[in-house]
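Right, one structure below, let's go through it.
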Amino acid sequence: MDFSGAGAQVAKTAGLAYLVEALREFSLVPITNKLKPGLVSSMAKFYSTELARDALKSAMDIHGGKAIIDGPNNYLARLYDAAPIGI
């Protein structure tokens, strides 16, 4: 069986996780230099929220039909429902 479609989504999610980590480290620079991080932290929140939504979409693609069935065993449904709240 060929799982290249799921593999591409996993690779995308790994790349997004790397971006969020880089963003986290970047947002610490003003704090380390004793500056006010207002602008940097608001930009970091915006971009990390969007990156998390992209990662969630990839997870939904990987899980396929199981991801859209609402029930107690679907751990993605609650995240998907709550995604607009972060915006």
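Read-outs throughout are calculated quantities, based only on the coordinates presented, and are distinct from any laboratory measurement. Small disclaimer: the values here were computed from a predicted structure and weren't measured. Neighbour counts are summed over all protein chains in view; Cβ atoms, including those assigned to glycine, are modelled from backbone coordinates with ideal geometry.
Observations on the structure shown:
- From Ser27, Ser41, Ser58, residue being among the hydroxyl-bearing types (Ser, Thr, Tyr), surrounded by 16 or more Cβ atoms within 10 Å (Cβ to Cβ), out of contact with any Leu (no Cβ under 7 Å at 6 or more places or on another chain) and closer than 18 Å to Gly86 by Cα: Ser58
- In the set (1) over 12 Å from the mean Cα position of the chain (by Cα); (2) assigned to a helix (DSSP H, G or I), the condition left unmet by Arg53 is number (1).
- The set of residues from the range 5-22 being surrounded by 13 or more Cβ atoms within 10 Å (Cβ to Cβ) and either of a type in the set (D, E, K, R) or over 20 Å from Ile85 (Cβ atoms) (or both) comprises Ala6, Ala8, Gln9, Val10, Lys12, Thr13, Gly15, Ala17, Leu19.
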